[in-house]
Amino acid sequence: MRSASKNSSPTKLAMNLEPSLLTSTCDDALRATDLQSIQHLGVSEIVELQSILMHGNTFGIWETPAHWAPFIQEGLRRIDLWRRILSYIPVEHKAHFSLFSNADSAKRYQINRAQGGYAFAFQILIGAVLFLKKYLVLCRIGPSGLGNRGNGAPLDVTTLIIIAYQHLPALLADSITRHLIASRSSQKSLFFGIESSKPIKYFEGYTPFNLQTFSSSARGCLLTEIKRMKKFRDLGFWHDAPLSKPHLNKPTAVAGSAEKVEAEKISHPHLPLPDDFIAHMGTCSLWLTQELSGSILTAADFVYSMFSNLEHEFSQLKKYHQYLHQVEKFLQNFKWTDSKGVEIGSLPFELSLSKFGSNSHLKRKEVRVDNVWPPRNFSQFMGLMNTLQAAHLFIISMSMAARRSELLHLQRDCLIHSKMAFRMQLARLSSS
């Protein structure tokens, strides 16, 4: 099974965005063109739109400003779309594209100078990159969101990074590979429309059934993009989209090896949490919030004062690492105390904290250590902060008996001081 998460995949993280700038660039792009016309734009026109949207001005490259995605690794803020598509092409078919491994080498070969199959290969590759660029621009400024929460809204820049890095390159590479295999048997041009100078149809006859070669987790992500393309097509914004359902009149293949049938996934929804789990989590959560939270917040004030001046200056790596070193020195001398001021020498339960920040040469699976106390670096301290936040969330969820959707909609100011609750507590104490 192939997975769409080839190499490292980006993680969608919280960002400190500039909503006004994001909106203004969308407005500028819509003044330059309309949503219906994006699907028909050429290379120069789409690069001009990309530049207006502040995603770079190089065809084949999708860039994201650092201050829009400060916590995304630098390599993902400048994605080579040529390489990403080629990375998903199976090894046995990569010979067709050996001359065009990246945007720079592709520029050296014009279609009228290429010979034989390389003319087709160049058209296929440059068309795929153009397809991906136009789709990203449309998602950036068009009604791209799916579902109730994001329906009709443009996608955020981190979602676009994920689409540009893995989802769309995987889909396009799979379509290209299928057409390459078909062209070998039919001895015809690799794609519909190449010989007649018509736009290449990458997803002509492509259906969700073709995703069976991907892993189950990858299929879910790719189906989301197919639904998004179908939505654009229904709105008149996109013409080349896979079929949402397979052809019902397609004959069943009886020759060849049997297709592998995945085992049925049996789920058990709405099972209650075990009593021993609730008891242990409740004990740990109460201790964290009542005994350790004071020290954590005191240390957090220092860390916040150290990093608050950086905000949009994450490109200043030297300054950033100096601050990390100062945080480590602070934590070495910090005295962790409970609610009564007694120093905490060890925790009453095991707590796993990441050591990835101090041992970046290790693999992730090797860098989680149980019962690390006290925290010694910025990474471990942030893990402790996350644990405290999770403890508060656990207490609230148990108090509310909330559904998942209700918990997801809670805001930071969801807790308010209730005088009535305080009076009820006094009444219980006086009656006991």
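Sort out which residues of segment 25-39 are without any contact (Cβ under 8 Å) to a residue 12 or more places away in the chain and assigned to a helix (DSSP H, G or I), and write them in order of number.
Of everything in segment 25-39, those that are without any contact (Cβ under 8 Å) to a residue 12 or more places away in the chain and assigned to a helix (DSSP H, G or I) turn out to be ASP27, ARG31, SER37.
Which of the residues that make up segment 23-40 are of a type in the set (A, V, I, L, M, F, W, C) and loosely packed, with under 14 Cβ neighbours inside 10 Å?
ALA32
Is there a residue being among the β-branched types (Val, Ile, Thr), within 23 Å of the chain's Cα centre (by Cα), within 16 Å of GLN166 (Cα to Cα) and at pLDDT 90 or above anywhere in segment 87-94?
No, segment 87-94 has no match at all.
Identify all residues within segment 40-91 that are in a helix (DSSP H, G or I), touching a residue at least 12 places away in the same chain (Cβ under 8 Å) and among the small types (Gly, Ala, Ser); write none if there are none.
Once the filter is applied, which keeps residues that are in a helix (DSSP H, G or I), touching a residue at least 12 places away in the same chain (Cβ under 8 Å) and among the small types (Gly, Ala, Ser), segment 40-91 yields only SER87.
Show me the helices (runs of 4 or more DSSP H) entirely contained within segment 95-180 in which 3 or more residues are at pLDDT below 65 and under 18 Å from ILE61 (Cα atoms).
The qualifying helices (runs of 4 or more DSSP H) are 103-107.
Residue-wise test of (1) over 25 Å from LEU273 (Cα atoms); (2) modelled with pLDDT of 60 or more.
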| position | (1), (2) |
| --- | --- |
| LYS365 | yes, no |
| ARG368 | yes, no |
| PRO374 | yes, yes |
| GLY383 | no, yes |
| MET400 | no, yes |
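Pairs under 8 Å by beta carbon, first residue over 29 Å from SER216 (Cα atoms) in segment 262-280, partner assigned to a helix (DSSP H, G or I), six or more apart or different chains?
ILE278/MET398
Here is a check on your reading of the model: is GLU313 modelled with pLDDT under 75, farther than 30 Å from LEU351 by Cβ and loosely packed, with under 10 Cβ neighbours inside 10 Å?
Criteria not met by GLU313.
Go through the residues of segment 222-236 one by one and say whether even a single one is at pLDDT below 85 and of a type in the set (Ser, Thr, Tyr).
So far as segment 222-236 goes, no, none of its residues is at pLDDT below 85 and of a type in the set (Ser, Thr, Tyr).
The values are calculated or read from the model by the stated rules, or taken from the named source; none is laboratory data. Predicted model, so just to flag it, every value in this text is computed and none were measured. With ideal geometry, Cβ positions are generated from the backbone for all residues, glycine too; neighbour counts draw on all protein chains shown.
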